[in-house]
1. State the volume of the convex hull built on the alpha-carbon positions of region 154-265, expressed per residue in Å³ and rounded to an integer.
2. Filter the cross-link list 240/276; 14/184; 69/234; 77/148; 208/234; 103/240 down to pairs whose alpha-carbon distance in this structure exceeds 22 Å.
3. At a temperature of 20 °C and a viscosity of 1.002 mPa s, determine how fast region 234-325 diffuses translationally according to Stokes-Einstein, using the Kirkwood radius over alpha-carbon pairs as Rh; express D in µm²/s, rounded to the nearest whole number.
4. Counting other Cβ atoms within 10 Å, which GluC sites (Glu not before Pro) in region 195-262 have at most 14 and lie in a DSSP loop?
5. So for each of 155-167, 230-242 I average, over its residues, the number of other beta carbons within 10 Å; can you give me the resulting order with the highest mean first?
6. Can you spot the aspartates and glutamates whose alpha carbon is less than 15 Å from residue 238's alpha carbon? Ignore those fewer than 8 places along the same chain.
7. Which value, in Å², gives the accessible area per residue of the chain when a 1.4 Å probe is used on the protein heavy atoms?
8. Looking only at the chain, where both bridge partners belong to it, what percent of the DSSP beta bridges are antiparallel (to the nearest 5)?
Amino acid sequence: MLRNIEAIVGEIEKAKNILVVGHIMPDGDDISSVLSMVIALERLGKNVRGVIDYEIPAYLEEFPGVKDKIKSYDCIKEFPAELIISVDASSPDRIGRVYDHFKFARSIVIDHHATNTYFGNINWVEMYGATAQMVMRINKMLGVEYDKELATANLLGIATDTGFFKYSNTDATVFEDVAWLVGKGGDIAFISNMILENRPLEHILLYKDFLDVMKLDYNNTIAYSHITLDMLKKYDIKPKDSPSFVGDLRSIKGVEVAITFTEAEENEFHVSMRSKSWFDVSKVAVHFDGGGHPRAAGFSINTDNIEKTEQEVIDTIKKLMESYK
């Protein structure tokens, strides 16, 4: 680990023009990791740009600093990046069109997904609770001073990717890192209010329709449902702002695996999976060319028959469940 961090720090210290890229369908850890690294590198005097080749959900776009420091793909066309740092992305396809630029610059991959394909010149892949923890370590080794702004940005990723410290990836290191960030001014109350207590009314109304099409299988240990573009249109919700509700399904008593199929474009569905205690959903994700963690994984799939696709996924899960016996 230390050797990888030292190599990454060495590359950063040598470069002047640096691109920090997050993954498509960004979540809290991704936004946090990009934002935290951009802030840190700016403070070191680097010419840096944060880029995500995907629309950022409104609830994350409103986080302080995001609109100013994380831009769309178009902003890099004339940017002479010497170094590209990918954070929280497990494979090239997860960073969209930005991967086309890897052939023109040195590249670093920083990620905590077990399914990472090691697509950079330097790869630091380790099973932390959040990639934001890895970014924090690099920033500290670079000598960046933390204040409330940077500590809160960095804390966002740890809080969200551990489910606000209730998922199985919440270990002692998570609490040690959180304590350090809070000591530097990280505002966990602000983050929790913004993420957990800020649900639009439209999402609550959509949840009713989502439950109407929910199904249970395999002795009620698998719960799944879908959100279509028509369902989103009914409540004037943009696809980028669509809630997953997968955590709500997992919270059902007796459910081990929860799956949400969300239509992002016509006939293109993003599939989000969660497991509660023992089933490895990353195996399912990899089967469908996706990736993730044992307890949280996903993939995208094109289909004009969502019910048929749902059944294919459920059958795959059931076969894997049988193999555990």
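The values are calculated or read from the model by the stated rules, or taken from the named source; none is laboratory data. Computed from a predicted structure; not experimentally measured. Cβ atoms come from the backbone with ideal geometry, glycine included; neighbour counts cover every protein chain shown. Ligands, DNA and RNA are stripped out before the accessible areas are found, and what is left, the full protein with its side chains, is counted by its heavy atoms. Shrake-Rupley method; radii C 1.70, N 1.55, O 1.52, S 1.80 Å.
1. Details: hull volume 13.4 nm³, N = 112.
It comes to 120 Å³ per residue, whole-number rounded.
2. Numbers: 240/276 26 Å; 14/184 28 Å; 69/234 33 Å; 77/148 33 Å; 208/234 12 Å; 103/240 30 Å.
Result: 240/276; 14/184; 69/234; 77/148; 103/240 exceed 22 Å.
3. Details: Rh = 13.6 Å.
Diffusion coefficient, whole number: 157 µm²/s.
4. Details: sites: 197, 202, 256; in loops: 197, 256.
Those satisfying the criteria are 197.
5. Working: 155-167: 21.8, 230-242: 14.8.
Highest mean packing first, the order is 155-167, 230-242.
6. Partners found: 55, 61, 202, 230, 263, 265, 266, 268.
7. Working: 14600 Å² over 325 residues.
Normalised by residue count, the accessible surface of the chain is 45 Å².
8. Working: 20 of 46 bridges.
Around 45 percent of the beta bridges assigned by DSSP in the chain are antiparallel ones.
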